[in-house]
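A quick write-up on the structure given underneath.
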Amino acid sequence: MSILEVNNLKKIYTTRFGGNQVMALKNVTFTVEKGEYVAIMGESGSGKSTLLNILAALDKPTAGTVMLEGKDIAKIKESTLAQFRRDNLGFVFQDFHLLDTFSLEDNIYLPMVLAKNTYPKMRERLAPIAKKLGISDLMKKYPYEVSGGQKQRAAVARALIMEPKLILADEPTGALDSKATDSLLSLFSSLNEEGQTILMVTHSVKAASHAGRVLFIKDGEVFHQLYRGNSSNQELYQKISDTLTLLSTGGDVQ
Amino acid sequence: MRQIFYPKLAASGMYKNRKIYLPYLLTCIGMVMMHYIIGFLTVNKGVAAMQGGDTMQLTLSFGSGVVAVFAMIFLFYTNSFLIRRRKKEFGLYNILGMGKWNLFRVMFWESFFGGIIALLGGLGCGILLSKAAELSMAKVLGETASLHFAVEYGVIGKTVVLFAVIFGVILLNSVRQIYVSKPVELMHSEAAGEKPPKANWFLALAGVALLGVAYYLAVTIQNPLTAMLIFFVAVVLVILGTYLLFMAGSVAFCRLLQKRKGYYYRTNHFVSVSSMVFRMKRNGAGLASICILSTMVLVMISSTACLFIGKEENLRNRYPRNMVIDTFTMDETYAKKAQTEALNVVKEHGLLAENVLHYRYLGIGCYMEENQVILDIDKLESFSMNGYENVIQLYFIPLSDYNQIMGKEETLEPNQVLMYCARTDYQYDTINIEGCTTMNVREKAPEFIENGDGVATVLPTLYVFVPDFEMIRQIFEIQSAVYGDNSSFCHDYFGFDLNCSEEEKIQVGRETSSRLQRLAAEDESFPHVNSECAAAERNGFYALYGGMFFLGILLGVVFILAAILIIYYKQISEGYEDQSRFGIMQKVGMTKREIRKSVNSQVLTVFFLPLITAGIHLGFAFPILLKILMLFGLLDKMLLIQVAVGSYLIFALFYVLVYRITSRLYYGIITAREK
């Protein structure tokens, strides 16, 4: 059963003055199955961020629909939208987006507090997640006191704590060094193996090579997709590189 | 081309940062203007020529110094905010290849332009408004000002020099800051990671303790004379306490809330409490400043307004009748003579002495221990500063005079007295005068018309009505034996009202006093006679109180300007800080409404805390203010309450208005990103 269905998505921005129209997404259609790990690749300006914003219901499409578990997210009322986002989607961002006024622990609790959970219940949920992510000892620290990799782990913990149906990751490795990148990607892989659905937008071939499927977006359209099949990460990496080379040299992909 | 490059860069930099530059410049203009206006009033000849103008100018010259010192401190403070904002830009210039020297040139031109604008604008407004200030001053003094328009060049010179120095010092400070920092630091100075504030319990408790002591002092103060001294102590304590409480106390309080998990991990409290910790750390000092400034404005305006409004009543208290002839004698023939002279003058003017008040009294200052009147203070072993609490003024008046004035027919046994208490309460049934008999206080008299001396000394005063004049003579002997040359006199107090114009009253007063002088010259043995004419004193009264009221308003305006600017900058800096947080919260699942609600409640708390605290300060300052105003002869408690509450409400209204305007700017900033 597909958890996410994106049909003929179109987004046109109108500049504030003069009415110039910019087409960010032309016609995007794809689905994500439950338990899948999908990477979306594309160059700057290809519409990746716009797509992610629409998926997160932070922006509305000009045309087309986004169905999460068969529910059209455009039809969700503004008042329940935040709750919907909280209950169904977990976010991981490039620059972590941790609140510097909270300790890591409190940052992770934030969505649970917003969902009006009690403190004992929150603690109960946090313990195994923190252990899995290896950040149990850092809970009382503040974001500015820990490394980028640790911050990103805390952000992942925050995304996981609400047990979301889908994790949306926006360039999650963009601000990390190679060691932290490796460890985060293997973390994502193991989460995926446990059944977590992940949709990741990225520039990085390395990050994408960990996914089960890679979608390429160019000029607002899904241009191509690669399945992992039985390939190893290494082989997938090579395929992605080749595809990107073709994309940038303007060739056609068979 | 090269010559105009730096001025141009400076001008465009100022223009681009107009959101933070404009309020700063407006405040500079305001400060220059106030300095000029106050300076103008202190030297202007038109003001000097007004009745009581010289007293007023003296009062105002004091204010001129206050404004100068305050402008220095305050502009220095706000400029540091400005520099913090500009550092990023300077860092960029630095990286793009401008040396520090080039940056200094830009900064020089910026302060130069700023200074020129501030001086031109401020002096322009000052010159225009100085006439209005002169007119309102004339109104306060009850005079009509001339239509002549004057510009005081000397004051302009002084103002220019003063502010040139201030701007120069500020520039040097900014240069120093840029000089010591590296370009990369400049670029990131705004985004520098902020340590989570630690609760400093010691400082927090110290703040509470200081405020507690100050409040206790203010509430328990009894004697007006000690009030003045205690007031300054209390003011210092309150200032220190407020700063500590806002800076350390608030953080400690939030930390305490965070420890209570059940309270902290709730949707409404979670975000607010944790952000408040940081907000208070950043803004504690600024908010404490707002609070102190607000309290100053309130105390100043309400006390001076109170004096000004109550001046007529005050005058009547000090001078119970239009004319008073006070003869220092026990001998009635002398007193009669002096009074007849005064009445003759009245008759010559075709007037009638109305509402006559005539009584004899003996007044002595003494030390009171329980019901014991102690004349010789040297005998006391434990006389200290505290002893002033027990110093009282005693007036002995024969019962017959009391009956005559108040229209009563009281009778007293020997050794019985009636008593009227002013500014104190006598709790004992008897009163014992050292070396004399003990007298029983039969009853408290409900009212009596005080003489001006009692009001002027502001001491707690007991009017003791004794059965006959013989007794007064007896007490006189005793006290003159103790005090020797410093002994008090018996007075024959004679006052009356006149029904004529103020000018004529003054004329009568003048003639009377010259005739009395002639009496004294003719007869060597003639006792000292004091003649007081309320109308002649009125101008001095009005000038003093009017001057203080006027100064109160002028300084109030200066302080309010300062408070507004702090609020404005706080809102803007808060806005920039919250901008990114706003976005994150939305992404982790807060609705815009929730965020707005939370931010709103935080901002409200932050900005109304000073106003509320200022109100509490004012409330506790009330008893001490009342005592101090007593020194100035104001006894009307209700008036002070009304004026204080009135000024608080007006101030609050003003504050809310400023808050509303600046908070719109704030929301503009935090939502700017989404568009």
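Computed quantities for the displayed model
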{"quantity": "The stretch A:118-140 - residue that is open to solvent by less than 30 Å² (accessible area, probe 1.4 Å) and of a type in the set (V, I, T) and, of those, farthest from A:A159 (Cα to Cα)", "calculated": "A:I135"}
{"quantity": "In the stretch A:164-180, the residues that are farther than 18 Å from A:V214 by Cα and either part of a helix (DSSP H, G or I) or open to solvent by less than 30 Å² (accessible area, probe 1.4 Å) (or both)", "calculated": "A:P164, A:L176, A:S178, A:K179, A:A180"}
{"quantity": "Verdict on A:L104 being touching a residue at least 12 places away in the same chain (Cβ under 8 Å), surrounded by 21 or more Cβ atoms within 10 Å (Cβ to Cβ) and more than 7 Å from chain B (Cβ to nearest Cβ)", "calculated": "yes"}
{"quantity": "Some residue of the stretch B:138-152 being of a type in the set (A, V, I, L, M, F, W, C), at pLDDT below 80, open to solvent by less than 40 Å² (accessible area, probe 1.4 Å) and part of a helix (DSSP H, G or I)", "calculated": "yes"}
{"quantity": "Enumerated helices (runs of 4 or more DSSP H) restricted to the stretch B:1-116, each holding at least 2 residues that are in contact with a Pro (Cβ under 6 Å, 6 or more places away or on another chain)", "calculated": "B:53-95"}
{"quantity": "Considering residues of the stretch B:94-130 that are open to solvent by 30 Å² or more (accessible area, probe 1.4 Å) and charged (D, E, K, R) only, the residue nearest to the chain's Cα centre (by Cα)", "calculated": "B:R105"}
{"quantity": "Exclusive hit being over 27 Å from B:S289 (Cβ atoms), assigned to a helix (DSSP H, G or I) and in contact (Cβ under 8 Å) with a residue 24 or more places away in the chain, set B:L618, B:L609, B:L639", "calculated": "B:L639"}
{"quantity": "Tally of residues being crowded, with 19+ Cβ neighbours inside 10 Å and over 22 Å from B:E574 (Cβ atoms) across the stretch B:17-45", "calculated": "16"}
{"quantity": "Restricting the stretch B:514-527 to residues that are touching a helix residue (DSSP H, G or I) at 6+ places or on another chain (Cβ under 9 Å), in a helix (DSSP H, G or I) and open to solvent by 40 Å² or more (accessible area, probe 1.4 Å), the residue that is farthest from B:G142 (Cα to Cα)", "calculated": "B:R518"}
{"quantity": "Some residue of the stretch A:148-163 being more than 30 Å from A:M23 (Cα to Cα), more than 9 Å from chain B (Cβ to nearest Cβ), open to solvent by 20 Å² or more (accessible area, probe 1.4 Å) and assigned to a loop (DSSP other than H, G, I, E, B)", "calculated": "yes"}
{"quantity": "Which listed residue is open to solvent by less than 20 Å² (accessible area, probe 1.4 Å), under 30 Å from B:V47 (Cβ atoms) and not in a helix (DSSP H, G or I), from B:G547, B:G633, B:G556", "calculated": "B:G633"}
{"quantity": "Sole exception among (1) surrounded by fewer than 23 Cβ atoms within 10 Å (Cβ to Cβ); (2) more than 10 Å from every other protein chain (Cβ to nearest Cβ); (3) polar (S, T, N, Q) for B:T267, by number", "calculated": "(2)"}
{"quantity": "From the options B:S289, B:S274, residue that is of a type in the set (G, A, S), surrounded by 19 or more Cβ atoms within 10 Å (Cβ to Cβ) and within 14 Å of chain A (Cβ to nearest Cβ)", "calculated": "B:S274"}
{"quantity": "From the options B:V169, B:V155, residue that is at pLDDT 85 or above and out of contact with any Gly (no Cβ under 8 Å at 6 or more places or on another chain)", "calculated": "B:V169"}
{"quantity": "Count - residues of the stretch B:240-252 that are in contact with a Leu (Cβ under 9 Å, 6 or more places away or on another chain) and open to solvent by 40 Å² or more (accessible area, probe 1.4 Å)", "calculated": "4"}
{"quantity": "Strands (runs of 3 or more DSSP E) fully within the stretch B:365-462 counting 3 or more residues that are open to solvent by less than 10 Å² (accessible area, probe 1.4 Å) and at pLDDT 80 or above", "calculated": "B:391-398, B:416-422"}
{"quantity": "Failed condition for A:H97, given (1) touching a strand residue (DSSP E or B) at 6+ places or on another chain (Cβ under 8 Å); (2) more than 14 Å from chain B (Cβ to nearest Cβ); (3) open to solvent by 30 Å² or more (accessible area, probe 1.4 Å)", "calculated": "(2)"}
{"quantity": "So A:L226, is it surrounded by 14 or more Cβ atoms within 10 Å (Cβ to Cβ) and modelled with pLDDT of 90 or more", "calculated": "no"}
{"quantity": "Tally of residues being modelled with pLDDT under 85, within 26 Å of A:F188 (Cα to Cα) and not in a loop (DSSP other than H, G, I, E, B) across the stretch A:6-49", "calculated": "2"}
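This table checks each residue for (1) more than 13 Å from chain B (Cβ to nearest Cβ); (2) open to solvent by 20 Å² or more (accessible area, probe 1.4 Å); (3) under 30 Å from A:G229 (Cβ atoms); (4) in contact with a helix residue (DSSP H, G or I) (Cβ under 7 Å, 6 or more places away or on another chain).
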position	(1), (2), (3), (4)
A:F30	yes, no, yes, no
A:G42	yes, no, yes, yes
A:L51	yes, no, yes, no
A:A56	no, no, yes, yes
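The values are calculated or read from the model by the stated rules, or taken from the named source; none is laboratory data. Small disclaimer: the values here were computed from a predicted structure and weren't measured. Neighbour counts are summed over all protein chains in view; Cβ atoms, including those assigned to glycine, are modelled from backbone coordinates with ideal geometry. For the accessible areas, the whole protein counts, side chains as well, though only heavy atoms, and no ligand, DNA or RNA atoms are used. Shrake-Rupley method; radii C 1.70, N 1.55, O 1.52, S 1.80 Å.
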